Amino acid sequence: MTTSERTVSVPTPDGPMTTHLIGAEDDPPVIVLMAAPGVTDGLLSVAREVAGHGYRAVVPDLYHHFGEGIVFEGSDPRMRETMARLSDAMVVEDVRAVLDRLGGGPAGVVGFCMGGRFVVRAMAAFPDRLIAGSALHPTRLRQDGDDSPHLGIPRITGRLYVGFGEQDPVVPPDQWDAVREVAPQAPGEIRIEVHPGADHGFALPGPRFHPEAAAASWAATYELWGDALRQAGTPA
């Protein structure tokens, strides 16, 4: 078994996508979907933690549609504009490209903020491949119209953990309720947890990191990955 950290270019319908591969090549793959700031040093540190638990972290740069290596810091006004341009449909195709790059077999997925929403979209789009996922402080799961992300949850056949922050002003309780309403319709296991005192971004390094909420979320995440991916026994 060899552990590696390298960057590859994954072909997508919208051009090449820089993707970080962190961990042993024969460990089960887990796709790490970024929050609004992009593929930051903090996100890569999280991916290294994932690899340290015996998974191969796969981190695609979803902003590749707009340029190479786009990362935002603080309250950069360009971040909201760029985030708005990145559609869920674009990300689903990016995840498809990553799954093609990984080859056959199941994978896990985790995402933060908008990446949490992308987890739900991707697991609904690829239920046979993405068998265990974790959506942490996910944004805009409930939207107007028939294509609202939460309405895809009944198509998820794997195991999904959704972690919300009780004090998150970006993700109010109506978003939690939307997931609760549809979760019983999913053939897979949907677990929802609201963390007391946690703000938006509680699971990522930074000023709003909440140790207790992060620890509980990651414990649940590793449990479901272990149950699903270890039992599947398929290497990256």
* Look at the stretch 56-97 and say how many of its residues are under 18 Å from the mean Cα position of the chain (by Cα), loosely packed, with under 15 Cβ neighbours inside 10 Å and of a type in the set (A, V, I, L, M, F, W, C). => 2
* Asked: Of these, Leu204, Leu151, which one is in contact with a strand residue (DSSP E or B) (Cβ under 8 Å, 6 or more places away or on another chain) and under 30 Å from Ala232 (Cβ atoms)?
  -> Leu204
* Within the stretch 76-87, can one find any residue that is of a type outside the set (Asp, Glu), touching a residue at least 40 places away in the same chain (Cβ under 8 Å) and touching a Leu at 6+ places or on another chain (Cβ under 9 Å)? -> no
* Asked: Quick one: how many residues across the stretch 199-236 are under 18 Å from Glu166 (Cα atoms) and touching a Lys or Arg at 6+ places or on another chain (Cβ under 8 Å)?
  -> 5
* Positions within the stretch 11-38 being out of contact with any Phe, Trp or Tyr (no Cβ under 8 Å at 6 or more places or on another chain) and either buried (at least 19 other Cβ atoms within 10 Å of the Cβ) or under 24 Å from Arg230 (Cβ atoms) (or both), in sequence order -> Thr12, Met17, Thr19, His20, Leu21, Ile22, Ala24, Glu25, Asp26, Ile31, Val32
* Asked: Do you know which of the residues in the stretch 190-219 that are within 17 Å of the chain's Cα centre (by Cα) and farther than 17 Å from Gly115 by Cβ is surrounded by the most Cβ atoms within 10 Å (Cβ to Cβ)?
  -> Ile190
* **Scope the stretch 180-214; condition in a strand (DSSP E or B) and under 20 Å from Ala228 (Cβ atoms); matching residues** => Ile190, Arg191, Ile192, Glu193
* Asked: What do you reckon, is Glu181 surrounded by fewer than 15 Cβ atoms within 10 Å (Cβ to Cβ) and out of contact with any strand residue (DSSP E or B) (no Cβ under 8 Å at 6 or more places or on another chain)?
  -> yes
* Identify all residues within the stretch 49-71 that are out of contact with any strand residue (DSSP E or B) (no Cβ under 6 Å at 6 or more places or on another chain) and either of a type in the set (S, T, N, Q) or in a helix (DSSP H, G or I) (or both); write none if there are none. => Glu49, Gly52, Leu62, His65, Phe66
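Table: residues versus (1) at pLDDT 95 or above; (2) touching a Ser or Thr at 6+ places or on another chain (Cβ under 8 Å); (3) not polar (S, T, N, Q).
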| site | (1), (2), (3) |
| --- | --- |
| Arg155 | yes, no, yes |
| Gly158 | yes, no, yes |
| Gln167 | yes, no, no |
| Ala198 | yes, no, yes |
| Ala203 | yes, yes, yes |
| Ala216 | yes, no, yes |
| Arg230 | no, no, yes |
* To do: Give Ala124, Ala132 a once-over and let me know the one that is hydrophobic (A, V, I, L, M, F, W, C), within 22 Å of Asp227 (Cβ to Cβ) and buried (at least 24 other Cβ atoms within 10 Å of the Cβ).
  => Ala132
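The values are calculated or read from the model by the stated rules, or taken from the named source; none is laboratory data. The structure displayed is predicted, hence computed values, not measured ones. Positions of Cβ are backbone-derived with ideal geometry, glycine not excepted, and every protein chain shown enters the neighbour counts.
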